[in-house]
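The values are calculated or read from the model by the stated rules, or taken from the named source; none is laboratory data. Note that this is a predicted model, so its numbers are computed, not measured. With ideal geometry, Cβ positions are generated from the backbone for all residues, glycine too; neighbour counts draw on all protein chains shown.
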Amino acid sequence: MIDLRLLRDDFASVATALARRGYDRDELAALRHLDERRRALVAEVDRARADQRSASKGIGRASPDQRPALIEAAAERKAEVARLEQQLTEVEAEHTRRFAAVPNLPHPDAPDGDEGDGVVRHTFGERPHFDFPVRDHVELLESADALDLARAAKVSGARFAYLKGEGALLEFALVRYAIDIAMRHGHTPVIPPVLVREDAMYGTGFLPTDEQQIFLTRDDDYYLVGTSEVPLAALHMDELLDEDELPIRYVGYSPCFRREAGTHGKDTRGILRVHQFEKVELFSFVHPELADDEHERILSIEQEVFTGLEVHAQVVDIPVGDLGASAARKFDIEAWLPGQDAYREVTSCSNTTDYQARRLKARIRRQDGDNLLVHTLNGTALAVQRAIIALVETHQRADGTVVVPAALQPYLGREVLFAR
């Protein structure tokens with residue numbers, strides 16, 4: 001949630017910033033008016049309650065002949081309090097609902113534009129060239145019985161997969177490889193819950209804006225997370241962190257679930273865009289002054305992961321029109337996938353500033369006695385299925401085998417995959 005004090009005190013700056021994201025200025029003005037109405041009602045309710053208390057005390061001090069009139073007046077004040085409280089309840093509900101849909105203010109350095117307008121910061125890794133017909137990951141994995149899409153569709157429907165044999169071992173190796181890199185950079189490993197309550201989804205900004213992408217259990221009102229960012233961020237919900245505790249850094253591993261609503265027919269072959277996948281996620285709680293540096297730091301860890309996998313990729317600064325609601329700025333790493341002859345996103349990292357912390361009520365107790373909101377950042381160290389695609393397509397050989405990058409060999413225990 002954005003800072004309401006900033007909206008009240010500097011409406012023009014907030015409106016200009018959100019206009020970069022396509023947010024309507026008139027809607028923002030209406031929200032400012034709603035906020036003023038809520039604050040005015042709070043004051044009215046407080047005054048009405050004070051009048052009611054005063055009237056009630058007056059009854060006990062009044063003479064018998066004065067009491068009937070005072071009792072009637074106290075009853076009227078009680079009714080007025082109830083009426084104003086009902087108004088305040090309704091206005092506060094609307095206030096919460098509408099402000100929850102307002103996205104974060106974009107970072108001043110984030111590029112303008114919409115999807116497809118990202119700015120390439122740099123590339124890394126050697127782009128592969130082949131002197132034989134290139135196979136995509138489905139052909140490579142299925143021919144080695146490392147992937148079974150047909151049986152997964154029979155069991156669970158479209159956009160599910162079985163990873164088998166060397167496919168499953170490749171996942172385990174990749175996960176530990178990425179976690180070890182994150183640990184070397186000071187991140188504590190965490191296995192978080194993947195069923196969370198609404199407060200956690202709301203607190204991280206996935207509700208209400210991403211509701212179409214989220215699976216919800218039928219009877220228990222638990223949400224299945226689309227990323228372990230959610231439980232990692234909520235780990236310090238409603239907490240006051242000491243300033244000297246920061247930075248707090250985690251690396252979480254979890255299955256993730258997304259409905260992929262609105263993407264019918266797009267990238268549906270294989271395991272690029274599935275309903276269930278696994279991720280190694282980086283998450284940091286930092287002092288506001290260090291958030292930009294931490295963002296670059298998380299990006300450097302992601303790049304280290306894919307450099308070690310010897311994959312060619314580009315780093316893209318995502319435009320404001322393509323940011324998620326909570327992000328002020330986001331960097332993606334897009335790996336070159338030979339089977340698609342195109343770059344595809346394999347990681348992202350976002351600076352959410354104080355947007356999530358305000359919803360989660362995660363604050364810093366400063367040494368000078370003041371409290372302020374912590375800043376949160378997240379990044380995908382490794383999205384397993386997409387990393388598998390990039391790896392096997394990049395390192396394939398003419399006979400259908402795949403060379404294992406040197407950095408991954410200690411984790412996998414072999415130099416070549418799919419050798420018969």
Requested in this report: Within the range 50-73, identify whether any single residue is part of a helix (DSSP H, G or I), within 30 Å of GLU115 (Cβ to Cβ) and outside the structural domain of GLY203 (by TED's automatic domain parsing), and answer yes or no.
Outcome: no
Query raised in the report: What number goes with the only condition from (1) within 29 Å of ALA313 (Cα to Cα); (2) among the hydrophobic types (A, V, I, L, M, F, W, C); (3) buried (at least 17 other Cβ atoms within 10 Å of the Cβ) that VAL120 does not pass?
Result: (3)
Query raised in the report: Can you tell me which residues in the range 361-387 are of a type in the set (Gly, Ala, Ser) and surrounded by fewer than 23 Cβ atoms within 10 Å (Cβ to Cβ)?
Result: GLY369
Report summary line: PRO208 passes all but one of the listed conditions (1) part of a loop (DSSP other than H, G, I, E, B); (2) more than 13 Å from the chain's Cα centre (by Cα); (3) at pLDDT below 95; the exception is number (2)
Query raised in the report: Which one of ALA75, ALA93, ALA101 is small (Gly, Ala, Ser), closer than 30 Å to ALA17 by Cα and surrounded by 12 or more Cβ atoms within 10 Å (Cβ to Cβ)?
Result: ALA101
Query raised in the report: Of the residues ARG297, ARG258, which is of a type in the set (Lys, Arg) and more than 30 Å from ARG151 (Cβ to Cβ)?
Result: ARG297
Query raised in the report: Which number in (1) surrounded by 14 or more Cβ atoms within 10 Å (Cβ to Cβ); (2) out of contact with any Leu (no Cβ under 9 Å at 6 or more places or on another chain) marks the one condition that ILE179 misses?
Result: (2)
Query - ILE271 being crowded, with 18+ Cβ neighbours inside 10 Å, touching a Lys or Arg at 6+ places or on another chain (Cβ under 9 Å), touching a residue at least 12 places away in the same chain (Cβ under 8 Å) and under 19 Å from THR376 (Cα atoms) - result: no
Requested in this report: Give the range 298-343 a look and list any residue that's surrounded by 21 or more Cβ atoms within 10 Å (Cβ to Cβ) and polar (S, T, N, Q), or say none.
Outcome: SER326
**Report entry** Enumerated strands (runs of 3 or more DSSP E) restricted to the range 222-295, each holding at least 2 residues that are within 19 Å of ASP370 (Cβ to Cβ)
**Finding:** 240-242, 276-286
Query - Odd one out for ASP370 among (1) in contact (Cβ under 8 Å) with a residue 60 or more places away in the chain; (2) charged (D, E, K, R); (3) farther than 28 Å from ASP267 by Cα - result: (1)
Report summary line: Counting only residues that are surrounded by 18 or more Cβ atoms within 10 Å (Cβ to Cβ), in contact with a Phe, Trp or Tyr (Cβ under 8 Å, 6 or more places away or on another chain) and in a loop (DSSP other than H, G, I, E, B), the range 126-164 contains a total of 2
Query raised in the report: Only one residue in VAL230, VAL225, VAL316, VAL311 is in contact (Cβ under 8 Å) with a residue 60 or more places away in the chain and within 19 Å of the chain's Cα centre (by Cα), so which one is that?
Result: VAL316
Requested in this report: Provide a single number: the residues in the range 198-226 that are closer than 18 Å to MET237 by Cα and in contact with a Gly (Cβ under 8 Å, 6 or more places away or on another chain).
Outcome: 2
Report summary line: Scanning the range 179-192 for residues that are more than 18 Å from ASP238 (Cα to Cα) and not basic (Lys, Arg) gives ILE179, ASP180, ILE181, ALA182, MET183, HIS185, GLY186, HIS187, THR188, PRO189, VAL190, ILE191
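Yes/no per residue for (1) loosely packed, with under 15 Cβ neighbours inside 10 Å; (2) in contact with an Asp or Glu (Cβ under 7 Å, 6 or more places away or on another chain); (3) among the acidic types (Asp, Glu):
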site	(1), (2), (3)
ILE389	no, no, no
ASP399	yes, no, yes
ALA407	no, no, no
ALA419	yes, no, no
Query raised in the report: Looking at the range 193-247, which of its residues are out of contact with any His (no Cβ under 9 Å at 6 or more places or on another chain), closer than 25 Å to PRO288 by Cα and among the hydrophobic types (A, V, I, L, M, F, W, C)?
Result: ALA200, MET201, PHE206, LEU207, VAL230, LEU232, ALA233, ALA234, LEU235, MET237, LEU240, LEU241
Query raised in the report: Could you give every pair whose Cβ atoms fall below 6 Å, whose first residue belongs to the range 170-185 and is assigned by TED's automatic domain parsing to the domain that holds THR380, and whose second residue is surrounded by fewer than 16 Cβ atoms within 10 Å (Cβ to Cβ), counting only separations of at least 6 or pairs across chains?
Result: ILE179/PRO189
Requested in this report: Pick out the one residue from ARG20, ARG5 that is over 29 Å from ASP114 (Cβ atoms) and modelled with pLDDT of 90 or more.
Outcome: ARG5
**Report entry** Members of the range 186-199 that are without any contact (Cβ under 8 Å) to a residue 60 or more places away in the chain and either in a loop (DSSP other than H, G, I, E, B) or under 20 Å from LEU377 (Cβ atoms) (or both)
**Finding:** PRO193, VAL196, ARG197
